[in-house]
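Please treat every number below as a calculation from the coordinates, not as lab data. As the structure is a prediction and not an experimental result, all values here were calculated from the model. In this analysis, Cβ positions are derived from the backbone assuming ideal geometry, glycine residues included, and neighbour counts consider all displayed protein chains.
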Amino acid sequence: MSDEKNVEETQQPEEQAEQLPVATEGEAWEVVETIDDLVASGQSNEFMKNQFYFEFKQGDRIVRGLTVAAYAHLALVENVSIEDLEVVGLKTGYEANAIAVKLDTGQRAHGTAFQPYMDSYGKLDVFAKQKAISKACRNARKQLLPYQLVVEAISNLAGLPNALPPAPTKDANGKTLKERKQGEMFAVFAEREKELADMGIDKFTFWAAVKVRSGILSRAEMTEVQMVSVIESLRTKPLPKWIADLKEPNHKVRLFAITEEYKSELPEDIWDKIKQKTGVKDIKRLTLAHAKICYDEIRAELGMDVDTDEPPEGDAAEEKQEASEPETSESNIPF
């Protein structure tokens, strides 16, 4: 899984750069992953200046970045917490999936990571599970952290006199980073769309799940980092569990999917009506019970049979978390 967002680059005087180990382009990402592996298992190496910060030479550049421990610390500063974490043992390693939430806004982000059972020497890695967990949590947390906060943290830890320059807003073709990542996300989805369809996962269900996981109503609201998370998930083989489970989506995903698929036949203010009906001001706080009520009524409004099947397995886990939440009374607002 790519984690290029963890690495910030800047130039350094040559005499200081010569004191650092040299990494080639092909080795740079492996170096960063090795550093986080060591942090997760309580170790260190020559690239690490402390538990939060590392730097090494890549060609004529100095690559600087934050470790998993640093992202965990910044998450505390920004009131970001891990609200859900799942680890699955697959054939060749552990896959971890984490959901982070910004407690003051309710914004959520998903992070995933895969860690092989065996290390690069062919020996059993006793820390494999912890490494998968640490990286998944890092990947979720970092999506909710302001870019400037990360820049300032690196600058302070590196002892630089000035903050690192911000990322360029547009490329040579005039496209913003968000536009480039959006195009890449759609392209990667197109590559796996047939595979998903063969699994019984249509495009409406997939993008509905992305919205639910990102805490948004429209893909236009996605941040660049959330797009990167989707791209990484789609490039993972086998597909992450959160995608595979969409064969039996929960009712939140079903609600988002039906409102998108039948957008032309539903009122333009459908989500305002859903908020009124459920009494939920922030759609991110919509419970599964709310979602099922609205989903069934929309099906009835569209002349479809009401879903009388048993609740999908995806509902069960979330219902445990929602059990303690107070129920909201229903109104009789039609769709």
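For the reader, a short list of remarks on this structure follows.
- Label zone at residue 197, where the point sits 7 Å out along the Cα-to-Cβ direction: the stretch 261-283 residues whose backbone N lies under 19 Å: 261-262
- Calculated FRET efficiency for the pair residue 147/residue 104, C-beta based, R₀ 22 Å, to 0.05: 0.75
- Sites residue 175 and residue 127 - FRET efficiency at Förster radius 51 Å, r taken between beta-carbons, to 0.05: 0.80
- A cut-off of 5 Å between modelled amide H atoms, ignoring neighbours fewer than 5 places along the same chain, links residue 94 with 115, 117.
- Note on residue 268 and residue 156: with the Förster distance fixed at 41 Å, the Cβ-Cβ geometry gives a FRET efficiency of about 0.30.
- Inter-probe distance in nm under a simple model that places probes 7 Å from Cα toward Cβ, at residue 91 and residue 217: 4.4 nm
- Residues whose placed amide H lies under 5 Å from that of residue 62, excluding near-sequence neighbours: 10, 12
- Computed lengthening from residue 304 to residue 187, 0.36 nm per intervening residue step minus Cα-Cα distance: 38.8 nm
- Annotation: amide H-H contacts under 5 Å for residue 53 (H modelled 1.01 Å from N, sequence separation of 5 or more, or interchain): 67.
- Applied to the stretch 78-88, the Karplus parametrisation 6.51 cos²θ - 1.76 cosθ + 1.60 on θ = phi - 60° returns per-residue 3J(HN,Hα) values of 8, 6, 9, 10, 7, 9, 8, 8, 9, 10, 10 Hz, with x for Gly and Pro.
- Peptides 278-284, 142-148 ranked from most to least packed by the mean count of surrounding Cβ atoms within 10 Å: 142-148, 278-284.
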